[in-house]
Amino acid sequence: MSGPRVLYIEDSIDNLILVRRVLRAAGFELLEATSAREGIDIAEKHLPDLILMDINMPEMDGLAATIRLRENPALNHIPIIALTANLMRNVLEQALAAGCDGYIAKPITVDDLPKQITSYLQNGRKVS
């Protein structure tokens, strides 16, 4: 039996590989998308337990993707966590306003990431 299913939407292959290694080693099942549009399609098809969302991506950014995911009633219960290197207050506020339930700073801390995700999974989707 595999652990919780996490969808990571990230355009950087290096970041994707690192998070893949960390989460799989911690027992999570990882779904991956390298663009926001692909991530939305995967979320609709596989209904993950949690979504990690990069904010800065080409074509469609993570904020727009989060808004699209929140518009879908079948996905609205899924926690979406911004995974971003941009920790400026306005960016974090925009992520929360778009529908993210929290954020995790890049670069990730390998030991903390599984604990952070577990905490978000236990707390579930906050409804505003």
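The values are calculated or read from the model by the stated rules, or taken from the named source; none is laboratory data. Treat the numbers as computed from the prediction; the structure is a model and nothing was measured. Note: ideal-geometry Cβ built from the backbone for every residue, glycine included; neighbour counts use all protein chains shown. Heads up: the accessible areas ignore ligands, DNA and RNA and are worked out on the full protein's heavy atoms, side chains in. Shrake-Rupley method; radii C 1.70, N 1.55, O 1.52, S 1.80 Å.
Spacing of the modelled spin labels on M88 and D14, each 7 Å from Cα toward Cβ, amounts to 2.2 nm. Rounded to the nearest 5, the antiparallel percentage of DSSP beta bridges internal to the chain is 0%. Normalised by the number of residues in the chain, the average gap of Cα pairs under 8 Å and 6 or more apart makes the relative contact order 23 percent. In this Cβ point-charge picture (+1 for Lys and Arg, -1 for Asp and Glu), segment 26-107 has a dipole of about 220 debye about its Cα centre. Entry note, segment 44-85: relative contact order of 54 percent, from Cα contacts under 8 Å with a spacing of 6+ residues.
Build a GNM of the chain with springs between Cα atoms under 10 Å: which of A33, A25, A82 gets the top mean-square fluctuation? The residue that fluctuates most here is A25.
Surface composition of segment 12-128: carbon and sulfur atoms hold 51% of the protein heavy-atom accessible area at a 1.4 Å probe. Calculated [222 nm] ellipticity per residue, helices only, for the chain: -13000 deg cm²/dmol; basis is -39500 (n - 2.57) per DSSP H run with n ≥ 4, divided by all residues, nearest 500. Working ranking of peptides 58-65, 109-116 by packing, defined as the average number of other Cβ atoms within 10 Å per residue, highest first, is 58-65, 109-116. Distance from the Cα centroid of segment 66-80 to that of segment 84-128 is 15 Å (rounded to whole angstrom).
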